[in-house]
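The values are calculated or read from the model by the stated rules, or taken from the named source; none is laboratory data. Not measured: the values here are computed from a predicted model. We place every Cβ from the backbone using ideal geometry, glycine too, and count neighbours over all the protein chains shown.
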Amino acid sequence: MTHARPVYDSILGLVGKTPMVELRTLSPEPGVRFFAKLEGQNPTGSIKDRIVLRILSRARERGELEPGQRIVEASTGNTGVALAMFGRLFGHPVDVCVPESVYPEIEELLSAYGANIRRIPRQAGIKSAIAAAQEIAAAEGAYFLNQFGSTENVTAHYETTGAEILADVAHVDVFVAGIGTGGTISGVGRRLKESNPNCHVFGVEPRLGVHVQGLKSLEDGYIPPVLDESVLDGKIIVGNRHAFSHARRAMLAEGIFGGISSGAVLHAGMRAASRLKRGNIVMVFADAGWKYLGTDLWSSDDHDPAIEAHEDPLDDVLWW
């Protein structure tokens with residue numbers, strides 16, 4: 001018996017509706033079930049397709065984004081790639097302001113989609129990239145996407161990502177996601193707490209000064225305007241070592257080729273699970289690992305159990 005699958009008018013119909021997978025071998029507690037939302041299955045390979053499509057569609061509907069108008073945004077990677085693709089589909093030239101620390105595969109993708117790359121000195125980071133994008137928008141009449149400040153970012157995750165999670169896992173005890181713009185953790189967290197007020201929401205961020213692609217430390221002094229900290233029950237600080245080791249662990253144990261931030265979220269989920277005896281933990285794996293093939297993560301020797309033998313002394317769970 002065959003099952004009919006929908007035929008979409010365009011690739012826009014493939015945004016969202018990503019699969020949920022149970023990670024049966026990775027939960028440290030027998031009564032705790034682990035689930036991963038695989039956002040790498042979106043068209044450009046990340047969760048950012050959701051927010052870029054939402055922001056652009058609403059801006060076009062409201063007349064804030066005119067036909068053919070240039071779009072500019074600050075990004076460390078995935079949002080820029082999503083914008084480059086959707087901007088091209090909608091007929092908009094795209095400029096992306098990126099810190100020089102961005103992975104080379106990201107720049108290659110941006111170029112492939114035809115985006116104009118504007119590099120910002122590495123030490124300036126995302127704050128200066130945002131300022132540069134704002135200046136370009138003001139000086140050149142471009143539309144500033146504003147992923148860190150647009151309420152459509154949070155709404156996209158409340159209406160789509162959160163709803164999809166509840167359709168797959170009706171009762172969520174713990175939700176774990178990275179803190180980048182703050183949109184995912186705020187929108188999904190709010191939706192899950194409406195369904196289950198006892199759901200604990202943990203944001204994942206790197207230690208100050210540590211670069212984990214797709215995540216940012218709130219300790220750098222920049223709090224994204226869209227981040228609703230009242231949704232958070234705590235945050236889990238993760239270093240590069242555990243982000244890389246757990247991304248590789250997910251690949252070896254479950255065959256899931258997730259990105260570096262997915263490794264950080266998996267590590268954080270395992271930390272959260274150690275405090276539970278029973279329940280469902282849902283984690284967002286924000287992108288896929290193929291964007292980071294330029295690192296030596298995937299070609300290293302088999303997973304070193306010594307990495308799990310002790311905790312990084314600076315990794316911590318900070319409770320609100």
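For region 230-247, name all the residues that are in contact (Cβ under 8 Å) with a residue 60 or more places away in the chain and either surrounded by 17 or more Cβ atoms within 10 Å (Cβ to Cβ) or out of contact with any helix residue (DSSP H, G or I) (no Cβ under 8 Å at 6 or more places or on another chain) (or both).
Keep residues of region 230-247 that are in contact (Cβ under 8 Å) with a residue 60 or more places away in the chain, which gives 232-239, 241-242, 245.
Residues satisfying the conditions are Leu232, Asp233, Gly234, Lys235, Ile236, Ile237, Val238, Gly239, His242, Ser245.
I need the full set of residues from region 255-282 which are of a type in the set (S, T, N, Q) and assigned to a helix (DSSP H, G or I), in order please. Don't jump to the end; show me each part of the working.
Here is the first cut: in region 255-282, the ones of a type in the set (S, T, N, Q) are 261-262, 274, 280.
Ser261, Ser262, listed by residue number.
Per-residue answers, yes or no, for (1) charged (D, E, K, R); (2) in the same structural domain as Thr161 (by TED's automatic domain parsing); (3) under 23 Å from Val154 (Cα atoms):
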| position | (1), (2), (3) |
| --- | --- |
| Arg24 | yes, yes, no |
| Ser27 | no, yes, no |
| Phe35 | no, yes, yes |
| Arg54 | yes, no, yes |
| Glu64 | yes, no, yes |
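Just to verify a result, which residue in region 1-27, among those that are surrounded by fewer than 14 Cβ atoms within 10 Å (Cβ to Cβ) and in contact with a helix residue (DSSP H, G or I) (Cβ under 7 Å, 6 or more places away or on another chain), is farthest from Val174 (Cα to Cα)?
My answer is Tyr8.
Taking region 1-52, which residues are closer than 19 Å to His246 by Cβ, of a type in the set (D, E, K, R) and part of a loop (DSSP other than H, G, I, E, B)?
Result: Arg24, Glu29.
Go through region 65-92 and give me each residue that's assigned to a loop (DSSP other than H, G, I, E, B) and either among the basic types (Lys, Arg) or in contact with a Phe, Trp or Tyr (Cβ under 7 Å, 6 or more places away or on another chain) (or both). Even if it seems obvious, please write down each step before you answer.
Step one: filter region 65-92 for residues assigned to a loop (DSSP other than H, G, I, E, B), giving 65-70, 75-77, 91-92.
The answer is Leu65, Gln69, Arg70, Gly77.
Go through region 165-196 and give me each residue that's surrounded by fewer than 19 Cβ atoms within 10 Å (Cβ to Cβ) and farther than 19 Å from Gly269 by Cα.
Ala167, Glu194, Ser195
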